[in-house]
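J.: Can you keep this structure in mind? I'll have questions shortly.
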Amino acid sequence: MKTTIIPGLIFGLGLLCACQKNKPTDDPEKLTSVLLAYFDGITHKDYKKMTESTTDDFVLYEMGRVWNNDSVFREMKKFPYTVAYKFDNFKINIDRMSGHMTYYNHADFAFDSTKQRFDWIESAAFRKTEDG
């Protein structure tokens, strides 16, 4: 009896450990909510929300320029606008310390009386911090 219990116990523990390694370390919805909070900050011209959604080393690469929250917000203040964003086709990968997503971003901007539609394929990288 002892000869079958010990191998069975070792096999069970090994199976449990193997299953734990394949378990996702984070919920993809958390990354999506961070991204949406950032764009909500842009929509409402809320600098605090934008900075709360990012780390101090946040970098945005767009249209051949390198931006941070300060430069994005300065540019936002130059032009009166309204915007409505819609996101879809999320592809999310997460590991122990980071996450990456690709998605489609559709935006309807209004600058005074001029309306313009933009469609982008974007990506975002996330680093896990103590706050999440």
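No value in this document is a laboratory result; all are computed from the given coordinates. Here the structure is a predicted model, which means the values were calculated and not measured. Reconstructed Cβ throughout: ideal geometry from the backbone, glycine too, with neighbour counts over all protein chains shown.
J.: Which value in nm describes the separation of the simple spin-label points at residue 29 and residue 58, placed 7 Å from the Cα toward the beta carbon?
T.: Between residue 29 and residue 58, the label points sit 2.3 nm apart.
J.: Whole-Hz Karplus ³J(HN,Hα) for the range 35-48, in order, using 6.51 cos²θ - 1.76 cosθ + 1.60 and θ = phi - 60°, x for Gly and Pro?
T.: 4, 5, 5, 4, 5, 5, x, 5, 4, 9, 6, 10, 4, 4
J.: Would you list, by chain and number, the aspartates and glutamates whose Cα falls below 20 Å from the Cα of residue 115, excluding same-chain residues fewer than 8 positions away?
T.: Correct list for residue 115: 40, 75.
J.: Provide the descending list of Cα extents for the range 29-132 along its principal axes, expressed in whole angstroms.
T.: For the range 29-132, the Cα extents along the three principal axes come out at 47, 28, 24 Å.
J.: Can you give the net charge of the other residues whose Cβ lies under 12 Å from the Cβ of residue 55, counting K and R as +1 and D and E as -1?
T.: With Lys, Arg at +1 and Asp, Glu at -1, the neighbours total -3.
J.: Hey, what did the range 28-127 get for relative contact order, percent, Cα under 8 Å, at least 6 apart?
T.: 20 percent
J.: Counting Lys and Arg as +1 and Asp and Glu as -1, what is the net charge of the other residues whose Cβ lies under 12 Å from the Cβ of residue 81? Before the final figure, lay out each step's value.
T.: Numbers: positive: 45, 77, 78, 115; negative: 75, 108, 112.
Overall, the nearby charge balance is +1.
J.: Moving on. What is the sum of charges, Lys and Arg at +1 and Asp and Glu at -1, for the other residues whose Cβ falls under 10 Å from the Cβ of residue 95?
T.: Local net charge: +1.
J.: Between residue 78 and residue 105, what FRET efficiency follows from the Cβ-Cβ distance if R0 is 30 Å, with the result rounded to 0.05?
T.: 0.90
J.: Quick one: which of 112-125, 59-72 comes out on top by average Cβ neighbours within 10 Å, and what's the full order, highest first? Each step should come with its number before you reach the end.
T.: Values: 112-125: 9.9, 59-72: 11.6.
Ranked by mean Cβ neighbours within 10 Å, highest first: 59-72, 112-125.
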